[in-house]
Protein chains: 2
Amino acid sequence: MQPLKAIINGRLLLDNEATLSIHDLSVTRGYGIFDYFKTVDGRPIFWEDSLDRFFHSAQLMDLPVPYTRTELKDQIQTLMQANQIADSGIKLLLTGGDSPDGYSIGIPNLIITQHPLQRNADKEQNGIKLITYAYHRPFSRVKSTDYVMGIQALKKAKAAGAEDVVYVQHGLLSECPRANIFLIDKDGTLITPEEDVLAGVTRRYILEMARPHMKVETRNVTLEDMTNASEAFISSTTKNITPVLQIDDVVYGKQPGPHTRMLQSLLNQLIYDREAASATHLP
Amino acid sequence: MQPLKAIINGRLLLDNEATLSIHDLSVTRGYGIFDYFKTVDGRPIFWEDSLDRFFHSAQLMDLPVPYTRTELKDQIQTLMQANQIADSGIKLLLTGGDSPDGYSIGIPNLIITQHPLQRNADKEQNGIKLITYAYHRPFSRVKSTDYVMGIQALKKAKAAGAEDVVYVQHGLLSECPRANIFLIDKDGTLITPEEDVLAGVTRRYILEMARPHMKVETRNVTLEDMTNASEAFISSTTKNITPVLQIDDVVYGKQPGPHTRMLQSLLNQLIYDREAASATHLP
């Protein structure tokens with residue numbers, strides 16, 4: 001493979017030579033937003049949704065995006081052309097920029113990077129274990145770069161033999177640090193938190209796909225819901241639908257349940273089946 | 001003035017040419033810690049306390065510091081020698097480093113910067129106004145680079161004609177985004193929150209200085225305490241003791257009160273009076 005390229009402020013350059021000032025507000029104050037989508041077989045997947053959310057996050061964080069949507073898409077395509085990675089993750093990162101006083105927002109820097117991305121077939125097939133973690137992400141509608149708690153929580157998860165954590169506060173489940181969470185109750189109803197969680201793109205498509213097949217509830221999800229559920233899974237761009245077999249001491253089964261499998265199959269069709277994908281267009 | 005210098009990983013270079021990889025975990029995940037002290041007339045003030053806290057923050061965030069304390073002090077002195085700024089702020093920043101997988105901690109980068117720093121005599125003399133803001137800083141013992149909420153809150157403060165905010169959650173005051181908060185009650189007792197706040201260096205010296213002169217309570221501080229107080233002030237390395245004349249609708253007075261003035265005078269002696277400073281050594 002040729003050396004990776006990246007784009008900073010519209011300029012294509014070698015990824016490993018791409019740098020930011022040490023005074024950028026992303027470095028000094030953790031102030032930045034990003035978004036992320038993948039390419040499968042060279043096709044960008046759900047990138048319109050990702051761009052929608054990128055502009056929305058930027059607005060909520062008072063960061064002016066220095067390019068139009070069309071210009072961003074052109075830059076992304078330039079990068080894809082330069083890197084030639086069929087299966088990849090593409091990240092748009094918008095930083096707070098060099099601050100005049102070390103605190104107020106400067107002129108944002110826009111960074112686009114791409115890296116090879118493979119599915120984790122083992123986890124999608126065999127499922128994972130989670131533990132609960134007492135936290136609630138502030139500013140949860142923004143896809144910000146604030147992952148301090150997620151990185152710290154991962155340490156606890158690994159120590160407990162789990163893959164990751166799910167945040168719980170005041171008895172309510174919200175989300176995983178990098179994924180949305182879903183439960184399926186004993187009646188086969190799909191349940192996922194609605195308030196104060198990241199508006200996951202994969203989450204959105206799962207809900208759309210599920211509606212013709214099962215009852216869907218987006219609402220507060222309690223620890224009691226978690227205990228009484230018969231299946232659970234998480235979703236994200238990289239994780240697709242990854243079954244959850246256990247949360248803390250609550251065991252859902254030795255293998256993923258039938259509803260999870262059915263939704264995995266629908267999502268696979270939408271994302272990985274080129275013919276089905278070109279024929280499908282969700283609103 | 002000659003161009004500013006900075007030190008990255010032990011190497012002295014021009015501040016405006018100092019950069020970090022776009023993949024540093026501080027950029028991509030907001031993962032980093034820092035500390036900050038000032039020089040007055042070329043004398044580093046309370047830098048031992050600042051270094052103590054720096055190593056403590058690094059440890060709590062699982063970031064190995066790539067230098068010994070002695071090496072860090074040598075680097076700081078090299079930078080002070082190079083920049084020749086008598087009155088300055090010096091910041092040590094330790095980042096999560098280039099992550100192998102974009103999420104786990106890499107090999108930290110250590111950045112030392114220095115910039116000219118002048119006292120804000122007007123605010124120290126005439127006081128400021130604050131508003132309360134519903135938030136609580138997670139991981140509050142760590143001086144992390146996570147200031148997203150502080151920067152957002154500042155916008156609200158400015159809109160309300162205030163200087164900054166003080167965080168309140170569950171009826172308890174904790175701290176300002178970049179300062180500790182103190183109240184003085186009607187009996188002349190100095191009160192400041194103890195739990196879940198940054199261990200401010202200036203805060204520590206204020207408490208030590210105050211004890212011979214007044215009753216001191218470090219404990220939970222409620223909204224009722226705030227309402228009933230007769231004086232208030234905030235403290236930080238850059239703000240010293242800055243009087244607070246009003247929080248929300250609670251007005252403490254048109255000018256700073258006598259206890260605040262007395263503590264300002266003691267702190268001034270400790271920090272700005274060279275002879276007093278050289279004779280004073282707090283435990």
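Brief remarks on what is shown
- The one condition in (1) within 25 Å of B:Asn16 (Cβ to Cβ); (2) touching a residue at least 40 places away in the same chain (Cβ under 8 Å) that B:Asp146 fails to fulfil: (1)
- In the range A:1-39, residue nearest to the other protein chains (Cβ to nearest Cβ) [restricted to those that are aliphatic (A, V, I, L, M) and open to solvent by 10 Å² or more (accessible area, probe 1.4 Å)]: A:Ile8
- Condition broken by B:Ser174, with the remaining ones in (1) in contact (Cβ under 8 Å) with a residue 60 or more places away in the chain; (2) open to solvent by less than 30 Å² (accessible area, probe 1.4 Å); (3) more than 13 Å from chain A (Cβ to nearest Cβ) satisfied: (1)
- Any chance B:Asp74 is acidic (Asp, Glu) and part of a loop (DSSP other than H, G, I, E, B): no
- Within the range A:121-146, restricting attention to residues that are in a loop (DSSP other than H, G, I, E, B) and in contact with a Lys or Arg (Cβ under 7 Å, 6 or more places away or on another chain), the residue that is nearest to A:Phe37 (Cα to Cα) is A:Lys143.
- Qualifying residue in the range A:233-252 (condition: over 22 Å from the mean Cα position of the chain (by Cα) and at positive phi): yes
- Count of the range A:1-49 residues which are among the aromatic types (Phe, Trp, Tyr) and free of Cβ contacts under 8 Å to residues at least 12 places away in the same chain: 0
- Test: residue in the range A:51-66 that is aromatic (Phe, Trp, Tyr), in contact with a Ser or Thr (Cβ under 6 Å, 6 or more places away or on another chain), open to solvent by less than 60 Å² (accessible area, probe 1.4 Å) and within 28 Å of A:Tyr272 (Cα to Cα): no
- Filter result for B:Gln114 (out of contact with any strand residue (DSSP E or B) (no Cβ under 9 Å at 6 or more places or on another chain), at pLDDT 95 or above and over 25 Å from B:Ala232 (Cα atoms)): no
- Among (1) more than 13 Å from chain A (Cβ to nearest Cβ); (2) open to solvent by 40 Å² or more (accessible area, probe 1.4 Å) - the single one B:Met80 does not satisfy: (2)
- Selection status of A:Thr132, more than 28 Å from B:His170 (Cα to Cα) and modelled with pLDDT of 95 or more: no
- Checked across the range B:98-105, the condition of being facing chain A (nearest Cβ under 10 Å), closer than 20 Å to A:Thr28 by Cβ, open to solvent by less than 20 Å² (accessible area, probe 1.4 Å) and hydrophobic (A, V, I, L, M, F, W, C) holds for no residue.
- Total residues in the range B:205-232, condition outside any helix (DSSP H, G or I) and hydroxyl-bearing (Ser, Thr, Tyr): 3
- Pair list, Cβ under 7 Å, 6 or more apart: the range A:108-127 residue away from chain B (no Cβ under 14 Å), other residue at pLDDT 95 or above and in a loop (DSSP other than H, G, I, E, B): A:Gly127/A:Gln255; A:Gly127/A:Pro256
- Test for B:Arg137: is it touching a residue at least 12 places away in the same chain (Cβ under 8 Å), more than 12 Å from chain A (Cβ to nearest Cβ), open to solvent by 20 Å² or more (accessible area, probe 1.4 Å) and under 24 Å from B:Asn240 (Cα atoms): no
- Which numbered condition A:Ser57 misses (of (1) over 30 Å from B:Ile151 (Cβ atoms); (2) within 14 Å of chain B (Cβ to nearest Cβ)): (1)
The values are calculated or read from the model by the stated rules, or taken from the named source; none is laboratory data. Please read these numbers as outputs of a predicted model, since none were measured by experiment. FYI the Cβ positions are ideal-geometry reconstructions off the backbone, even for glycines, and counts take in every protein chain you see. Surface accessibility is based on the protein's heavy atoms, side chains included, excluding ligands, DNA and RNA. Shrake-Rupley method; radii C 1.70, N 1.55, O 1.52, S 1.80 Å.
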